[in-house]
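Reading through the structure tokens given below for one structure.
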Number of protein chains: 2
Amino acid sequence: MKLKVKDLDISTGGPLIAILNWKDSSELDLHYLDRIKIIKGKKIETVTIDIAQSKKMVSSGRIGLFEEVLQSLNLKDGDIIKIIPARKPTSIDYIKKKLDGFKLDKKEIEQIVWDIVNNKLSDIELTYFVAACYANELDLEETTILTNAMAKYGNTLKLKRYPIMDKHSVGGVAGNRTTMIIVPIIAAAGLTIPKTSSRSITSPAGTADTVEVLTNVNISINKMKRIVEKTNGCLVWGGGLDLAPADDKIIKVEKPLAIDAKSQLLASVMAKKASVSATHLLVDIPSGKGSKISSKEKARKLKGDFISLGKELRIKVRVIITDGKEPIGNGIGPALEARDVLWILGNDKRGPKDLRMKALKMAGLMLEMGGKAGKGNGFKLALDILKSGKAYKKIVEIIKAQGGREVDPDGIELAPVTYDYSAYKDGVIKEISNRAISKTARVAGAPQDKGAGIYLRKHVGDKVKKGEALFTIYAPNKDKLDYVKDVIKAVDGVVIR
Amino acid sequence: MKLKVKDLDISTGGPLIAILNWKDSSELDLHYLDRIKIIKGKKIETVTIDIAQSKKMVSSGRIGLFEEVLQSLNLKDGDIIKIIPARKPTSIDYIKKKLDGFKLDKKEIEQIVWDIVNNKLSDIELTYFVAACYANELDLEETTILTNAMAKYGNTLKLKRYPIMDKHSVGGVAGNRTTMIIVPIIAAAGLTIPKTSSRSITSPAGTADTVEVLTNVNISINKMKRIVEKTNGCLVWGGGLDLAPADDKIIKVEKPLAIDAKSQLLASVMAKKASVSATHLLVDIPSGKGSKISSKEKARKLKGDFISLGKELRIKVRVIITDGKEPIGNGIGPALEARDVLWILGNDKRGPKDLRMKALKMAGLMLEMGGKAGKGNGFKLALDILKSGKAYKKIVEIIKAQGGREVDPDGIELAPVTYDYSAYKDGVIKEISNRAISKTARVAGAPQDKGAGIYLRKHVGDKVKKGEALFTIYAPNKDKLDYVKDVIKAVDGVVIR
């Protein structure tokens, strides 16, 4: 059947979709989410169909195309194309199989991941896959295959080096910007650490957002390789590299139900590590009230899962369970966090001690894993590298390699309107809620507004007097600040006893 | 936040969706599939958001709206509206709960169904519900609640009559147009039978498609009530009545994976019966090779489920398991089937015997259920009503009440181009495949082209000579016929031994 293209001037954000008028679809006996091949000259693309019931949207004789399809076939409004019915992707049968509770083999999982990466599945079909893996948890063998497949169908970084170090934090703790301190220490010690980080999704800043205050993070994989070969390390945004791209698509359909299938979380993290050819990985699992992993028991279970999967993937994994009950560092928000980091690396006494200590401990363990220090001596080596100024020199080198310039921490631009939130009574701080502090910093504008956020003046255990500042809010204007004040009343983030 | 409406000129076919530019959504800390309230004057509507990454689709300061939202708020391109963040529907928590394997209570299931009916859930969220009910099968109590909720949130037909008879066939058998023979017999006997039927989805004709050859089937619920009060029966299209509308939305997301959650199949059928206040129901489960229910064991299990659910709903259910291995009747396709039915009702000897016998048996059972005949005497009464011409008189009465005129079966217009498909050898017919015959009839143009289809000249068990006609194809033109001939080669529908 020949049809005339209608440019719908809208993108689906992934899936390849075409809309047919119901008359044309009936004639070809095609139904919602069936597949067709669109043929234009020598180019062929298989797409999923949706059906227009009214001729207002797509009239008979026309085919409505979304941007992804137009681009893929280089089509424009008014072009004439030919369509023929096509089979559904075989991965749909495998998804059904998993939903029925059966185990999937390598061929099946690889086909599913390939189809996800190449936009061959509709959101509904992908959702069935996520639901199937959640209701019928993948076992270790399936998780290993999934991880390898996610890494394989995407970009990979190959380096002629050994070992290749990496770190990962499970997240959920405000601040906690250890990566930017660890990477320069490890790289300065002569180990290779091609670090990729994410931007914030629901937090006031991801590591990539904070690095971006100092330098460019949107780096191609080839450039990343050259930077790592030159400086031993990098601090780039993972989202721009197309590493394990299936993962992002899976996360998109997990969010509506806040699905966190354990096997998928593991595969998601480890696939990105496998993509950069990591050989040694330190995982930080913050645990405690108000963090992502609320109980020690859950944390220990997750630790075991990371180590088992690491063995299968031949990545040497070490896991530490850390205190996740309050924010780490003082700055919350990209610019405020970047300033903390530079103060610590510059041995400025204003650098927050909790963040410095946690980063040194983690860097120490990694130096031991990478063979640069004997068991128990890593911390000392990390401290030496920090104190000597070598770590500071290294981060400046990385900043420059990524296209930035040396930055004076006191010159980092913060949001102009500030407000001190003060203690409502005398006492000792019992609790600072990660969730409440994060929410407040986000409402103030972080991470979009890099200078916005919160600067903590006190931590858990500190004595405070009524009226003393607990934290300072940084907002871009007074309207926003007033809104933040309203939100603070509702979230009640600091408990004084 | 105030935004200017962009009419996207496209409909979603259900879910209420708005598209924001990523800058605006970041500022409000909104993510994919979050909810917002759109406010225009006194009108408020809660919708799901999608996020545009490019300004080409929706630029900052604008909100892209699909037809459903524009209609709901009576908006047009360029209007200024206000948006505020809104909570997600609580039903999302309940869906997650079911996916986690927990049992749902009445309040939870009713909320889910209400949200489905009112387009409050995205396709992804609805898919999670279907997957959850499939992976963690609903028990009888949950199925009962779901059935009642599906019936409750939709139109219902209330009649001051008792009993109210109904029938249902699980489907999968080509032809099998028993309903059009049973309804006039039952109604002529003085029982009430407000029959709704579906159109074809994947078959060459649904009962509604076949009735439509003779009269109007798209009838409002009020008119349906008047027709039933006058004639005791009707033969209308259920899809036009908005009975149990949640069901259609659920089926839409089941199709891509051919999900057939048993509890949902049961709820789907029974909710439509509850919507018309049926008190007595005869269910026909065709079973055998090539039918939907392939084994006798599965058929017996399904029979038990129908009866149990019927008890909970206080609908008296009787189930017969029939032979589903070959088509029933000779005509396959709306016009050819309608002709068969009128021949049978008119006592014309050309009426197919297998269809006549099956319909009489079923009608007989229903006459017994409804108290018009003693046990074992229903068949005879049904036969009397048929032979006496009362059933024919009754269908003419119903046809007229629905807006049609008496039709001469030999005057029904069939597709003009015919072709006899003949036996490839001497022998006895061992098998006629429902699937192959249905596929062939659809390719010939049924049900869109009402006159197209197949007319069977032989049935299983008949002796044939090489070259003798097995069936006749009716196609609208020669091109189509040639295409049908190609398809027949591939499907190989008739086995001769």
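Is it fair to say A:V228 is surrounded by 24 or more Cβ atoms within 10 Å (Cβ to Cβ), closer than 21 Å to A:K390 by Cα and not acidic (D, E)? First the steps, then the outcome.
Details: surrounded by 24 or more Cβ atoms within 10 Å (Cβ to Cβ): yes; closer than 21 Å to A:K390 by Cα: yes; not acidic (D, E): yes.
Yes: the conditions hold for A:V228.
Quick grid of which residues meet (1) within 14 Å of chain B (Cβ to nearest Cβ); (2) at pLDDT below 95; (3) farther than 30 Å from A:R226 by Cβ:
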site: A:A382; (1), (2), (3): no, no, no
site: A:A391; (1), (2), (3): no, no, no
site: A:K394; (1), (2), (3): no, no, no
site: A:E397; (1), (2), (3): no, no, no
site: A:K463; (1), (2), (3): no, no, yes
site: A:N477; (1), (2), (3): yes, yes, yes
Among residues of the range B:158-171, those that are assigned to a loop (DSSP other than H, G, I, E, B) and over 18 Å from the mean Cα position of the chain (by Cα), counted: 6
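Conditions tested, residue by residue: (1) crowded, with 20+ Cβ neighbours inside 10 Å; (2) assigned to a loop (DSSP other than H, G, I, E, B); (3) at pLDDT below 90; (4) of a type outside the set (G, A, S).
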{"position": "A:K425", "(1), (2), (3), (4)": "no, yes, no, yes"}
{"position": "A:Q448", "(1), (2), (3), (4)": "no, yes, yes, yes"}
{"position": "A:L470", "(1), (2), (3), (4)": "yes, no, no, yes"}
{"position": "A:D482", "(1), (2), (3), (4)": "no, no, yes, yes"}
{"position": "A:K485", "(1), (2), (3), (4)": "no, no, yes, yes"}
Scope the range B:5-22; condition under 27 Å from B:D242 (Cα atoms) and assigned to a strand (DSSP E or B); matching residues: B:I17, B:A18
Taking the residues in the range B:258-291 that are closer than 11 Å to B:F306 by Cα and among the small types (G, A, S) as candidates, determine which candidate is modelled with the lowest pLDDT. B:S263
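Looking only at residues that are outside any loop (DSSP other than H, G, I, E, B) and buried (at least 17 other Cβ atoms within 10 Å of the Cβ) in the range B:23-45, which one is modelled with the lowest pLDDT?
Of all residues in the range B:23-45, those outside any loop (DSSP other than H, G, I, E, B) come to B:23-27, B:35-40, B:43-45.
Subsequent filtering for residues that are buried (at least 17 other Cβ atoms within 10 Å of the Cβ) retains B:24-26, B:35-36, B:38, B:45.
On the way: B:D24: 88, B:S25: 86, B:S26: 79, B:R35: 90, B:I36: 92, B:I38: 94, B:E45: 91.
In this case the residue turns out to be B:S26.
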I'd like to know if the range B:209-218 contains one or more residues that are within 14 Å of chain A (Cβ to nearest Cβ) and under 29 Å from A:K23 (Cα atoms). yes
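So that you can scan it fast, the table gives a plain yes or no per residue for (1) in the same structural domain as B:L360 (by TED's automatic domain parsing); (2) polar (S, T, N, Q):
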site: B:N176; (1), (2): yes, yes
site: B:L191; (1), (2): yes, no
site: B:T196; (1), (2): yes, yes
site: B:A208; (1), (2): yes, no
site: B:V211; (1), (2): yes, no
site: B:N216; (1), (2): yes, yes
site: B:I219; (1), (2): yes, no
site: B:A246; (1), (2): no, no
site: B:I251; (1), (2): no, no
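Report the residue count in the range A:111-148 for those that are part of a helix (DSSP H, G or I) and closer than 21 Å to A:T48 by Cβ.
Pass one, the range A:111-148, residues part of a helix (DSSP H, G or I): A:111-117, A:123-135, A:140-148.
Right, trim to closer than 21 Å to A:T48 by Cβ and you get A:111-117, A:123-132.
Within the range A:111-148, residues that are part of a helix (DSSP H, G or I) and closer than 21 Å to A:T48 by Cβ number 17.
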Out of (1) charged (D, E, K, R); (2) surrounded by fewer than 24 Cβ atoms within 10 Å (Cβ to Cβ); (3) not in a helix (DSSP H, G or I), the odd one out for A:E326 is which? (2)
Taking into account only those residues within the range A:124-160 that are surrounded by fewer than 19 Cβ atoms within 10 Å (Cβ to Cβ) and of a type in the set (D, E, K, R), which is nearest to the other protein chains (Cβ to nearest Cβ)? A:E137
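Within the range A:185-220, which residues are of a type in the set (V, I, T) and either surrounded by 20 or more Cβ atoms within 10 Å (Cβ to Cβ) or within 17 Å of A:A391 (Cα to Cα) (or both)?
Pass one, the range A:185-220, residues of a type in the set (V, I, T): A:185-186, A:192-193, A:196, A:201-202, A:207, A:210-211, A:213, A:215, A:217, A:219.
Matches in the range A:185-220: A:I185, A:I186, A:T192, A:I193, A:T196, A:T207, A:T210, A:V211, A:V213, A:T215, A:V217, A:I219.
I need the full set of residues from the range B:196-216 which are β-branched (V, I, T), in a loop (DSSP other than H, G, I, E, B) and within 16 Å of B:V341 (Cα to Cα), in order please.
Start the filter on the range B:196-216 by keeping residues that are β-branched (V, I, T), which leaves B:196, B:201-202, B:207, B:210-211, B:213, B:215.
Of the ones still in play, those that are also in a loop (DSSP other than H, G, I, E, B) are B:201-202, B:213, B:215.
Selection gives B:V213, B:T215.
Residue by residue, here is whether (1) farther than 19 Å from A:P327 by Cβ; (2) free of Cβ contacts under 8 Å to residues at least 60 places away in the same chain; (3) crowded, with 16+ Cβ neighbours inside 10 Å holds:
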| site | (1), (2), (3) |
| --- | --- |
| A:K393 | yes, no, no |
| A:G403 | yes, no, no |
| A:E406 | yes, yes, no |
| A:V417 | yes, no, yes |
| A:Y421 | no, no, yes |
| A:I429 | no, no, yes |
| A:S438 | no, no, yes |
Looking at (1) in contact (Cβ under 8 Å) with a residue 40 or more places away in the chain; (2) in a helix (DSSP H, G or I); (3) away from chain B (no Cβ under 12 Å), which is the only condition A:K107 fails? (1)
Going by what's in this entry, would B:L16 be described as closer than 19 Å to B:I124 by Cβ and away from every other protein chain (no Cβ under 14 Å)? yes
Could you please find all residues in the range A:243-269 being over 12 Å from the mean Cα position of the chain (by Cα) and outside any helix (DSSP H, G or I)? A:A258, A:I259, A:D260, A:A261
Can you run down the residue pairs with Cβ atoms below 9 Å, 6 or more apart or on separate chains, where the first is in the range A:112-129 and over 10 Å from A:I250 (Cα atoms) and without any contact (Cβ under 8 Å) to a residue 60 or more places away in the chain and the partner is part of a loop (DSSP other than H, G, I, E, B) and basic (K, R)? A:W114/A:K120
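Residues being part of a helix (DSSP H, G or I), surrounded by 14 or more Cβ atoms within 10 Å (Cβ to Cβ) and either within 14 Å of chain B (Cβ to nearest Cβ) or in contact with a helix residue (DSSP H, G or I) (Cβ under 8 Å, 6 or more places away or on another chain) (or both): count how many of those fall in the range A:46-85.
Keep residues of the range A:46-85 that are part of a helix (DSSP H, G or I), which gives A:67-73.
Keeping just the survivors that are surrounded by 14 or more Cβ atoms within 10 Å (Cβ to Cβ) gives A:67-70, A:72-73.
Those still in the list that are either within 14 Å of chain B (Cβ to nearest Cβ) or in contact with a helix residue (DSSP H, G or I) (Cβ under 8 Å, 6 or more places away or on another chain) (or both) too: A:67-68, A:70.
Summing the residues that are part of a helix (DSSP H, G or I), surrounded by 14 or more Cβ atoms within 10 Å (Cβ to Cβ) and either within 14 Å of chain B (Cβ to nearest Cβ) or in contact with a helix residue (DSSP H, G or I) (Cβ under 8 Å, 6 or more places away or on another chain) (or both) in the range A:46-85 gives 3.
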Does A:I95 count as among the β-branched types (V, I, T) and part of a helix (DSSP H, G or I)? yes
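Anything in the range A:50-91 that is free of Cβ contacts under 8 Å to residues at least 24 places away in the same chain, among the hydroxyl-bearing types (S, T, Y) and farther than 17 Å from A:K37 by Cβ? List them, or say none. Before the answer, list the steps.
So the first thing to find is which residues in the range A:50-91 are free of Cβ contacts under 8 Å to residues at least 24 places away in the same chain, and the list is A:54, A:56, A:71, A:90.
From what's left, among the hydroxyl-bearing types (S, T, Y): A:54, A:90.
Within the range A:50-91, just A:S54 meets the criteria.
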Which ones in the range A:86-104 are away from chain B (no Cβ under 11 Å) and out of contact with any helix residue (DSSP H, G or I) (no Cβ under 8 Å at 6 or more places or on another chain)? A:A86, A:R87, A:F102
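The values are calculated or read from the model by the stated rules, or taken from the named source; none is laboratory data. Being a predicted model, the structure only gives us computed values, none of them experimental. Glycine also receives a Cβ, built like all others from the backbone with ideal geometry; neighbour counts cover every protein chain displayed.
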